[in-house]
Every structure is written in structure tokens, then in C-alpha cells.
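S.K.: My structure is below; once you've seen it, I'll send some questions.
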Amino acid sequence: MNSTFLETLTERWWIPVFRGIAAIIFGVLALVAPKLGLLALVVMWGVCAIVDGAFNLSLAGWASRAGGRWGWYVFEGLVSIAAGVFAFAYPGLTAMALLFVIAAWAIVTGIIEIAASIELRHAVSGEWMLALAGVLSIALGILLFVHPASGALAVVWLIGLYAVAFGSALIGLGVRLHSLRGPGGRMATPGGTPSAA
């Protein structure tokens, strides 16, 4: 992996942390108040997807300037924003249609997260957390496609639990990226000393 891009990732360690916090907030709200109703779930999920997409597009811009691969980040960002906008544009969707939108989004973003973790595997030892987030996304998508009529309350609980687990994995990755930075704020070399500016 391009060392400049790795430097950029460690400088922007807060991006996966913020993405994780947004996912956990959504998940906790879904778990604490699962009977808010479908419209409230659509609004919360749409906001979460758009915020997640915006962070990915920002990371893509930084990756591009640092000479790293940015295509996966752009793709995931656009998919997330499109899914969020779709949810806002059609808030009256039936529960079944909304579940299929969320399921498709989860599978696509899960594949992208796993691909990104493969790219990170030689540079960051905690890349498995991103892969775990991807696996969780794919598992959620498959469950929603296979059992779409499990009951609205059960589905809200499933999505809430997924969001908390997904968010926790992203926060773990962000903390790991932050730990790669030395005391002076510069990225540490494999030997544990900050790299030269």
C-alpha cells in the first residue's frame, strides 16, 4: 500500500470512528424504541446511510490526493447516499420493499468493506475489524432476503443489533489506525518510532 495513503488513513482515523458512532446511535435507537414505526425507521436509516456515504466520499478524495486507490470508497459512498436518498424519496414504501432496499445495500457495502480490508491487510494489523464489518453487513442482507416476513419488530431488532456490532467494529478499526500514530502525531514505523515528516 502507498505509504502516503497509509499516512492519510491514520490521520483520518476519526472517519471510521464517526461512522461507527452514527451506526451505534441508530442501532441503539432501534433497540430502545423498536415500535417507533416504519417511517421513523426509514428516516433514521436514511440519515445513517447518507452520513456513512459522505464519510466514504471524503475518504476517497483524500485517498486520491495521497495516490491511493479510491474507487472502492467512491462506490460505497455513492451506494450509501443513493440508498439513503431513496429511503427519503419514498418514505411510504411498504415494509417489505424497504427491507429489500436495506438488504441490497448491506450486501453491496459488505462486499466493499471486505475488499477494502484486503487492501489494508499488509499495512494495518487491525484490518480484520473492517472485514468483520463487511461480513456482518452481508449476513444481515442475506437474512433479510431469506426471511423478509419475520415480523416488523424482529426485523427492527435484527437491524439494531447489526448496527451496534457494525459500528463497534468500525470504532475498533479507527482506534487501531489512531494507535499507529506516534506521540508527535506522526505515523509510527513498523519498529514503533514515528516516521520522519
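The values are calculated or read from the model by the stated rules, or taken from the named source; none is laboratory data. Fair warning: this is a prediction, and the values are worked out from it, not measured in the lab. Note that we place each Cβ from the backbone using ideal geometry, even for glycine, and neighbour counts take in every protein chain shown.
S.K.: Are any residues in region 84-102 crowded, with 19+ Cβ neighbours inside 10 Å and modelled with pLDDT of 85 or more, and if so, which ones?
M.R.: Listed by number, the list holds a single entry, Gly84.
S.K.: Would you mind finding the one in Gly167, Gly141, Gly110 that is touching a Ser or Thr at 6+ places or on another chain (Cβ under 8 Å), crowded, with 17+ Cβ neighbours inside 10 Å and modelled with pLDDT of 85 or more?
M.R.: Result of the check over Gly167, Gly141, Gly110: Gly110.
S.K.: Let me ask something else. Do you know which of the residues in region 26-45 that are modelled with pLDDT of 80 or more and aliphatic (A, V, I, L, M) is farthest from the chain's Cα centre (by Cα)?
M.R.: Val32
S.K.: Just one of Leu136, Leu153 is among the aliphatic types (A, V, I, L, M), at pLDDT 85 or above and assigned to a helix (DSSP H, G or I); which is it?
M.R.: Step by step, each of Leu136, Leu153 is checked, and only Leu136 is among the aliphatic types (A, V, I, L, M), at pLDDT 85 or above and assigned to a helix (DSSP H, G or I).
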